[in-house]
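K.L.:
I am attaching a structure below and will ask some questions about it afterwards.
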Amino acid sequence: MAKTPDGFVSLTSLKQGPPDAAAALAEIRRIYFKTTRQTIDHDLAHAIELLKSLPSEDDREKATVFMNGLAEMQRNWAKKRSPSGRSGRSGKVKK
């Protein structure tokens with residue numbers, strides 16, 4: 001069986017309907033610990049979809065710490081990107 005990339009969401013899983021609350025919370029937690037600078041945008045979008053599938057306010061509250069952490073990682077990593085999408089250096093030499 002081929003290994004799928006981190007953050008991958010299969011179309012069949014989306015067609016099956018919302019996951020149960022425990023599975024959704026576990027997936028949000030897994031996303032939080034596995035996200036990288038390269039996958040943060042996709043991972044945050046995936047976590048938001050999972051959050052929206054949670055049936056109760058209590059369940060959504062349990063996901064808050066992971067969602068806040070993902071949002072903060074995205075903000076921090078976005079600050080370090082230059083407009084060209086590269087991190088930090090423009091490639092220009094100062095004179």
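K.L.:
List the residue pairs whose Cβ atoms are under 9 Å apart, where the first residue sits in the range 55-79 and is under 20 Å from A24 (Cα atoms), the second is among the hydrophobic types (A, V, I, L, M, F, W, C) and open to solvent by 100 Å² or more (accessible area, probe 1.4 Å), and the two are 6 or more positions apart or on different chains.
P.N.:
F66/F33
K.L.:
What number of residues within the range 43-68 are crowded, with 17+ Cβ neighbours inside 10 Å and under 14 Å from the mean Cα position of the chain (by Cα)?
P.N.:
9
The values are calculated or read from the model by the stated rules, or taken from the named source; none is laboratory data. In this text, all values refer to a predicted model and were calculated from it rather than measured experimentally. With ideal geometry, Cβ positions are generated from the backbone for all residues, glycine too; neighbour counts draw on all protein chains shown. Please note that ligands, DNA and RNA were not included when accessible areas were found on the heavy atoms of the full protein model with its side chains. Shrake-Rupley method; radii C 1.70, N 1.55, O 1.52, S 1.80 Å.
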